[in-house]
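My questions all concern the structure below.
The values are calculated or read from the model by the stated rules, or taken from the named source; none is laboratory data. Keep in mind that what you see is a predicted model, and the values were worked out from it rather than measured. Glycine also receives a Cβ, built like all others from the backbone with ideal geometry; neighbour counts cover every protein chain displayed.
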Amino acid sequence: MSSVIWYIYEFARKKWIKRFLDARTDPEIVESPSRFRDFPQVRKEFCISCGACVASCPSPGAIKLVRDEETEMAYPVINKSACIRCGFCVEVCPTEPKTLKTGENYLIKEEYRILPKETLYVIDDYLCIRCEKCIDACKVGAISSKDNIISIDQSKCVSCGDCIEVCPIKGAIKEVFITNIDEQKEIINLLVKSLEDAINQEVERVRKLPDYDPEKLIKLEFPVDGLMEKSLEILPDKEMVTKIIEKITDRLKINVITWDEDKCKGCRLCIDECPTGALTYNEEKGVTERDPEKCLRCSICYQTCPFGVPGLYTARFLLKGDKILITLKPSQMRG
């Protein structure tokens with residue numbers, strides 16, 4: 001009983017009552033520390049619509065891009081019911097100042113800031129004309145020029161595609177798939193072999209025409225339907241297969257060797273010079289056979305023969321709709 005009276009006495013003391021009425025929360029508890037990560041704040045005026053925040057978010061439905069009707073630019077919107085406040089979206093945001101803002105950023109090293117993406121953008125130095133339009137178009141400063149060579153910093157690139165849109169040379173900037181590598185190799189081999197076979201058959205047919213002129217261009221068309229059907233059996237993604245075929249045809253160049261047996265004088269210089277033994281000599285007919293499996297199309301026979309038996313064309317390609325346009329240009333090179 002005495003203990004109860006003591007507690008009543010303590011609560012009734014004026015000093016205690018004053019402390020209770022004047023109580024204040026500790027400032028450290030009221031003020032969030034800089035490291036505290038609340039729901040991200042969006043500053044859409046800085047957004048470049050790259051989508052890096054959406055790609056990095058581990059919580060389904062926590063962030064999505066919506067399009068502003070006035071500016072026609074997309075910007076992120078946070079769904080607080082799904083957001084787990086991890087701050088990954090802020091970490092990967094490439095803009096400066098950042099479009100997304102939350103607590104203090106983690107000190108992530110640049111080389112470890114990798115976005116989960118399936119493609120990389122690369123410069124094809126063979127086709128690049130160094131106009132530097134891509135550098136001006138890149139909003140994150142990922143493209144630079146050094147010693148007259150344009151390059152893309154993959155740690156900064158967000159794969160927005162602005163560089164490809166402004167590039168005046170088709171194929172100079174390529175969107176390269178970094179997934180399904182083995183399937184890509186198989187499709188490339190299928191494409192090259194199919195084109196080689198088609199060209200060899202057509203060249204032989206054209207050579208037999210009455211108006212054939214070895215000094216003129218030969219233009220051919222190769223339908224893509226059959227090639228696409230076989231490629232989709234390897235990789236069932238039509239958009240990806242189409243891009244692979246387009247990229248390869250942009251860059252592909254094939255040497256084509258023709259052979260006019262009627263001009264052969266039997267000097268056998270080509271046989272002595274051929275590095276793979278692809279040519280066969282016959283006493284009656286001269287050099288009559290060229291093994292396509294052994295031939296490297298290196299053009300040594302073309303440069304060596306004094307009688308013009310071998311002919312050399314360079315084939316280039318362009319994917320246009322459902323056809324690959326092939327142009328065979330006669331070579332002017334002679335040893």
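Pick from ILE164, ILE150: which is outside any helix (DSSP H, G or I) and within 30 Å of LYS320 (Cβ to Cβ)?
So the residue among ILE164, ILE150 that is outside any helix (DSSP H, G or I) and within 30 Å of LYS320 (Cβ to Cβ) is ILE150.
Quick check on the range 104-138: of everything there that is over 29 Å from ASN180 (Cβ atoms), touching a helix residue (DSSP H, G or I) at 6+ places or on another chain (Cβ under 9 Å) and at pLDDT below 90, which residue is surrounded by the most Cβ atoms within 10 Å (Cβ to Cβ)?
Restricting to residues being over 29 Å from ASN180 (Cβ atoms), touching a helix residue (DSSP H, G or I) at 6+ places or on another chain (Cβ under 9 Å) and at pLDDT below 90, the top hit is ASN105.
Quickly run through the range 207-226 and pick out the residues that are buried (at least 17 other Cβ atoms within 10 Å of the Cβ) and of a type in the set (A, V, I, L, M).
Those that are buried (at least 17 other Cβ atoms within 10 Å of the Cβ) and of a type in the set (A, V, I, L, M): ILE218, LEU220, VAL224.
Of all residues in the range 296-306 being farther than 30 Å from LYS243 by Cα and surrounded by 14 or more Cβ atoms within 10 Å (Cβ to Cβ), which is nearest to the chain's Cα centre (by Cα)?
That would be SER299.
Can you list the helices (runs of 4 or more DSSP H) lying wholly within the range 181-258 that have 2 or more residues being of a type in the set (Gly, Ala, Ser)?
Answer list for the range 181-258: 181-207, 225-234.
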